[in-house]
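What follows is a single structure, written as structure tokens, with notes after it.
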Amino acid sequence: MAAARLEEQVALVTGASRGIGAVIARRLAQEGARVAVNYQASGEAALQVVNAIVQSGGEAAMMAGDVSKEGEAEALVKQVIDQWGRIDILVNNAGITRDRLLLRMTSDDWDRVLEVNLRGAFLCTKYVMPHLIRRRQGRIVNISSVVGLGGNPGQANYAASKAGLIGFTKAVAREVASRNITVNALAPGFIDTGGMVDQMTEEARRTVLGRIPMERFGSADDVAEAVSFLCGPGAGYITGQVLTIDGGMVG
Ligand code: NAP
């Protein structure tokens, strides 16, 4: 039998208790990686993700921590190193929205979204990087959004955070390319994770689908597949890129 593509590797997936992050964690574990399942509040859900991985023969551990708080991000990375002695892959997936039109947006709405989506990715990357540099290998995948490329009314804070994540990706990719570390971003479109898409009215659903040339919502598996590719041996010469996963929506 062929060796698993990510055998021996250790991955930290932030915000992996549910949604896209949970599916990414399971996918990386299927590929042979040992996976740290980070969460902020949903401990029960994170435990279920870990149990599902272990039941399928993989290895995973749940690790709490608010990525936007420097002490917690640092402690999270330390926990991964204490558990497995190394880290090879970081997926900055944790993200939130606080949607409001600009005139109604509070500075707290602005700050919290930027703190989790952008500062959180910065902090996790900063504390993971020395470990990647020491081993002269590593993969970082930042989960941005098509909203960071094209904007969306009611999401000035979210769009700014996701556009910022793209700039961050490109700058860090250039900093660490000579150390054999790749840094890329994914920009998913409408991904059906059972939440927002399920709650849409039939009319809203039709309107959104009318904007997607492939006429379907994306799945978390569509995103996890791209993460798996970018973390695998075939993607070693790809860095500083933004891969859009949106069924052709953003031109
Ligand atoms: P989700 O279902 O709301 O899950 C968010 C995850 O982030 C949860 O695991 C949550 O943990 C975690 N999280 C939130 N704040 C955190 C913090 N401060 N520290 C650590 N973890 C935190 O989100 P999703 O829809 O799967 O989205 C995942 C990522 O993809 C986000 O970055 C999002 O912006 C991006 N994205 C999503 C879509 C989409 O259509 N769904 C499209 C484009 C991009 P707890 O459960 O513990 O709160």
Taking θ = phi - 60°, what integer Hz values does the Karplus form 6.51 cos²θ - 1.76 cosθ + 1.60 yield along segment 203-216, in sequence order, with x for Gly and Pro? 5, 4, 4, 5, 4, 5, 4, x, 8, 10, x, 7, 6, 8
Dipole in debye (nearest 20) - the chain, about Cα centre, beta carbon charges: Lys, Arg +1; Asp, Glu -1: 660
For segment 135-251, the accessible surface attributable to carbon and sulfur atoms (probe 1.4 angstrom, ligands and nucleic acids excluded) amounts in percent to 51
Rounded to a whole number, what % of the accessible area of segment 31-122 do carbon and sulfur atoms account for, probe 1.4 Å? 49
Kindly report the accessible area of the chain per residue (heavy atoms of protein chains, probe 1.4 Å, no ligands, DNA or RNA), in Å². 48
Under the definition of Cα pairs under 8 Å and six or more residues apart, what whole-number percent is the relative contact order of the chain? 18
Which whole-number percentage describes the relative contact order of segment 4-119, with Cα contacts under 8 Å and a sequence gap of 6 or more? 27
Value at 222 nm in deg cm²/dmol, rounded to 500, when DSSP H runs of n ≥ 4 in the chain each add -39,500 (n - 2.57): -14000 deg cm²/dmol
Let me understand the chain better: what is its radius of gyration from the alpha carbons, and its Dmax, in angstrom? 17.4, 59
If you filter segment 169-251 for trypsin sites (Lys or Arg not before Pro), then keep DSSP loop positions with at most 16 other Cβ within 10 Å, what is left? Arg211, Arg216
As straight-line cross-link partners of Lys170, the qualifying lysines (C-alpha separation under 22 Å, not fewer than 8 residues apart within one chain) are Lys126, Lys162
Using Cα centres only, tell me the gap between segment 139-167 and segment 68-111 in whole Å. 14
Around Arg34, with a cut-off of 10 angstrom between Cβ atoms, what is the net charge of the other residues, counting Lys and Arg +1 and Asp and Glu -1? -3
Roughly what would the spin-label model give for Ile212 and Asp82, points 7 Å off Cα along C-beta, in nm? 4.1
Cα-projected label distance for Phe229 with Ala4, points at 7 Å along beta-carbon direction, nm: 2.2
Straight-line reach from Lys78: which aspartates and glutamates have a Cα under 20 Å away, not including same-chain ones fewer than 8 places off? Glu8, Glu59, Asp66, Glu70, Asp88
Counting only the heavy atoms of the protein chains, how much of Glu8 is accessible to a 1.4 Å probe, in Å² to the nearest 10? 110
Mind listing the long-range amide H neighbours of Ala60? Cut-off is under 5 Å, sequence gap 5 or more, other chains count too, H placed in the peptide plane at 1.01 Å from N. Val35
Env charge @ Ala16, Cβ radius under 12 Å, K,R +1 / D,E -1, value +3
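The values are calculated or read from the model by the stated rules, or taken from the named source; none is laboratory data. Given the structure is predicted, the values throughout are model-derived calculations rather than measurements. Every residue, glycine among them, receives a Cβ derived from its backbone with ideal geometry; neighbour counts consider all protein chains shown. The protein model used for the area step is the full one, side chains on, heavy atoms only, and it has no ligands, DNA or RNA in it. Shrake-Rupley method; radii C 1.70, N 1.55, O 1.52, S 1.80 Å.
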